[in-house]
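Notes follow the structure.
The values are calculated or read from the model by the stated rules, or taken from the named source; none is laboratory data. As the structure is a prediction and not an experimental result, all values here were calculated from the model. We place every Cβ from the backbone using ideal geometry, glycine too, and count neighbours over all the protein chains shown. These accessible areas exclude ligands, DNA and RNA; they are computed on the full protein's heavy atoms, side chains included. Shrake-Rupley method; radii C 1.70, N 1.55, O 1.52, S 1.80 Å.
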Amino acid sequence: VAPYERPALSKAYLFPEGAARLPGFHVCVGSGGERLLPEWYKEKGIELILSTEIVKADLPANTLVSAAGETFKYQILIIATGSTVIKLTDFGVQGADAKNIFYLREIDDADKLVEAIKAKKNGKAVIVGGGYIGLELGAALKINNLDVSMVYPEPWCMPRLFTSGIAAFYEGYYANKGIKIIKGTVAVGFTSHSNGEVKEVQLKDGRVLEADIVVVGVGGRPLTALFKGQVEEETGGIKTDAFFKTSVPTVYAVGDVATFPLKLYNELRRVEHVDHARKSAEQAVKAIKGLEKGQSVDEYDYLPYFYSRSFDLAWQFYGDNVGDTVLFGDNNPQSPKPKFGSYWIKDGKVVGAFLEGGSAEENQAIAKVAKLQPKAENL
């Protein structure tokens, strides 16, 4: 299929009613852009080549080779390979190849999961992982009337971003919805029925959970293998400048695979998020066009942004989650209309801001705070 926006897969795609389907979420409709259907590419003179995997990249020769043996020559290459999902089979977890153990990265994965949800009406679902995928799919499966348990090793959910105070709200809210949360342990094995479908999840702490469906969300890794040894790398990604140019002048890298200079914090960083995927692509194209015309382009000046939606909740975060934190507002999971947030303060400045239940104006306001970094001399 033509390029689409992945966030839809873990949210609206799995709804029992009014579910999102293609062509509804082709690139870049999620940020208010045009919906790029296959016809759009034709109209713009862009050749869209589907069902074609590149298996070899020879950067010194400006050449790519497909699985079918076709050769593609280029003058400029943009690497936008994104990430691939980390699987439990990668670690040799016993029984992890059973049927009905799902990952969510591609539209095919989502379709298989939708079929399983229909087949296992009112069944038991176990979510392995407490990050984005875990929280969004926990909610989606509960909305489909499955009995949901979530398992993760960390002391609270979304530990890369949430503080314990933020996480306590979501864990309480999910528990009120009837989702069982099991923290501080991991899945170490799976047993299956004679038909090969998953039956039980064995946990490290000795507990055994019944399961008709298992969804694993334990992270992704950037797809850089094609370019290994041919471009400079940094912190697991392909190192770029502020225009997303790599160490090879004819090659650019955008999105999940790029490790770029984050001007606001004066450091190199890799960001896995749809917002940066869109904006880095735009910046690379501006830079390429600018070079052609001999015009200068501003350096990429990105404000990190993350968001999520589940049940009736919606949060946004801007900036950097480092330093001391201040929690504000009503974060009682029992509240009819909870609304709360957190600021992160480092070196006497506000560097990050999180808000649950904010209006569009309020979300813009916390973005502004994270960008301007006002003084906060005392917590």
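Some observations on this one:
- The residues of the range 268-379 have, on average, 55 Å² of accessible surface per residue, using a 1.4 Å probe with all protein chains present.
- Unsatisfied cross-links (Cα-Cα over 20 Å) in the set LYS87/LYS118; LYS245/LYS279; LYS121/LYS199; LYS346/LYS371; LYS44/LYS286; LYS124/LYS337: LYS87/LYS118; LYS124/LYS337
- Entry note, the range 305-378: relative contact order of 30 percent, from Cα contacts under 8 Å with a spacing of 6+ residues.
- In this structure the amide hydrogen of LEU223, modeled in the peptide plane, comes within under 5 Å of the amide hydrogens of GLY82, SER83, THR84, none closer than 5 places in sequence on its chain.
- Projected area, mean over directions - the range 1-50, Cα convex hull, nm²: 3.8
- Relative to the compact-globule estimate of 2.2 N^0.38 Å, the Cα radius of gyration of the range 200-267 comes out at 1.73.
- For a modelled paramagnetic label at GLU232, 7 Å from Cα along Cα-to-Cβ, the residues of the range 37-71 in reach, with backbone nitrogen under 19 Å, are 59-60.
- Reported to the nearest whole Å, the Cα centre-to-centre distance from the range 257-320 to the range 68-121 is 25.
- With all projection directions averaged, the alpha carbon convex hull of the range 162-219 covers 5.1 nm².
- Hydrodynamic radius by Kirkwood, which averages 1/r over all alpha carbon pairs of the range 85-220, in angstrom: 14.8
- The residues of the range 104-222 expose, per residue, 42 Å² of accessible area to a 1.4 Å probe.
- Calculated mean residue ellipticity, 222 nm, the chain: -6500 deg cm²/dmol, from DSSP H runs (n ≥ 4) at -39500 (n - 2.57) each, averaged per residue and rounded to 500.
- Counted over the chain, the DSSP beta bridges are approximately 70% antiparallel.
- Carbon + sulfur, % of accessible area of the chain - ligands and nucleic acids excluded, 1.4 Å: 51
- LYS286 accessible area, 1.4 Å probe, all protein chains in place, Å² to nearest 10: 110
- Rh by Kirkwood over Cα pairs, then Stokes-Einstein D for the chain at 0.692 mPa s and 37 °C, µm²/s: 145
- Contact order for the chain, expressed relative to its length and based on alpha carbon pairs under 8 Å spaced 6+ residues apart, stands at 13 percent.
- Short-range pairs are left out: with C-alpha atoms under 8 Å and at least six residues apart, the relative contact order of the range 1-50 is 34 percent.
- The reciprocal of the average 1/r between distinct C-alpha atoms defines the Kirkwood hydrodynamic radius, which for the range 158-302 equals 19.0 Å.
- In straight-distance terms, cross-link reach from LYS11 covers every one of the aspartates and glutamates whose alpha-carbon lies under 19 Å from its own, apart from those fewer than eight places away in the same chain; here that gives GLU106, ASP108, ASP109, ASP111, GLU115, GLU136, ASP147, GLU171, GLU272, ASP275, ASP312, GLU356.
- The loop-placed GluC sites (Glu not before Pro) in the range 274-379, going by DSSP, that have at most 10 neighbouring Cβ atoms within 10 Å of their Cβ come out as GLU377.
- Computed over the range 305-378, the Cα gyration tensor eigenvalues convert (square root of 5λ each) into semi-axes of 22, 13, 10 Å, ordered from largest to smallest.
- Our estimate of slack between ILE86 and VAL1, defined as 0.36 nm per intervening residue step minus the Cα-Cα distance, is 28.3 nm.
- Per-residue HN-Hα couplings for the range 29-40 [Karplus 6.51, -1.76, 1.60; θ = phi - 60°; Hz; x = Gly/Pro]: 5, x, 10, x, x, 6, 8, 8, 6, x, 5, 4
- Secondary structure note: in the range 85-220, about 35% of the DSSP beta bridges are antiparallel.
- GluC sites (Glu not before Pro) restricted to DSSP loop in the range 42-109 with at most 11 other C-beta within 10 Å: GLU47, GLU53, GLU70
- Ranked order, ASP90, ASP212 - accessible area, probe 1.4 Å, largest first: ASP90, ASP212
- Tail fraction, Cα-Cα pairs, the range 250-379, threshold 23 Å, whole percent: 43
- For THR89, the accessible area of its heavy atoms, probed at 1.4 Å with every protein chain present, is near 70 square angstrom.
- Estimated at the nearest 10 Å², the accessible area of PHE328 is 70 Å² with a 1.4 Å probe.
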